[in-house]
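Notes follow the structure.
The values are calculated or read from the model by the stated rules, or taken from the named source; none is laboratory data. Values in this document were obtained by computation on a predicted structure and should not be read as measured data. Cβ: placed from backbone, ideal geometry, glycine included. Neighbour counts: every protein chain shown. With ligands, DNA and RNA removed, areas are computed over all heavy atoms of the protein, side chains included. Shrake-Rupley method; radii C 1.70, N 1.55, O 1.52, S 1.80 Å.
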Amino acid sequence: ITRIKKPLGILIDKDLNQVNGVFVPIYNSDDIFLIEYAQKLIHNNNSKITIIDVNNQLKNNFILEKSIDGLLENYPNNASVIIEKEMNAGFLLSQDLMMISLESWKNLVDSQTIWLSNVPSTLIIKS
């Protein structure tokens, strides 16, 4: 018997009414699957996606860098990249949703990142 692996998502709803501003923190190369979901949000909802490069992953991983470059090239009005140190409460309050992998969520909670208390609704995805 062959089992098909299906993604699982958990939504932490903080009064989510729209999905216009979405940010996606990238903690490691395994988070590359989130780019596909970002593309779907842009295509289906015209969402504005901000990729957060947490640990200089884009410079350290060619495949991840090219995947995000493709997103930026195909959707220049809907996609951008920032590095973590540029994040602030104002940015977080302007976002509707954080989309993050389960492993990165665990890392985020373990690190007790100060901005965690200001995150909007969150979609945690296990690939």
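What the table shows:
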item: Entirely in region 50-127, the strands (runs of 3 or more DSSP E) that have 3 or more residues that are under 25 Å from Asn17 (Cβ atoms) and in contact (Cβ under 8 Å) with a residue 40 or more places away in the chain; result: 97-101, 121-126
item: Members of region 1-49 found to be among the β-branched types (Val, Ile, Thr), free of Cβ contacts under 8 Å to residues at least 40 places away in the same chain and under 14 Å from Leu123 (Cβ atoms), listed by number; result: Ile49
item: Any hit, region 99-116, residues being charged (D, E, K, R), open to solvent by 20 Å² or more (accessible area, probe 1.4 Å) and at pLDDT 95 or above; result: no
item: Flag if Ser121 is of a type outside the set (D, E, K, R) and open to solvent by 40 Å² or more (accessible area, probe 1.4 Å); result: no
item: Residues of region 76-94 satisfying the condition of being at pLDDT 85 or above and buried (at least 19 other Cβ atoms within 10 Å of the Cβ); result: Asn78, Ala79
item: Scope region 15-46; condition surrounded by 12 or more Cβ atoms within 10 Å (Cβ to Cβ), part of a loop (DSSP other than H, G, I, E, B) and at negative phi; matching residues; result: Leu16, Val19, Asn20, Tyr27, Asn28
item: Residue identified as hydrophobic (A, V, I, L, M, F, W, C) and within 11 Å of the chain's Cα centre (by Cα) among Ile42, Ile114, Ile35; result: Ile35
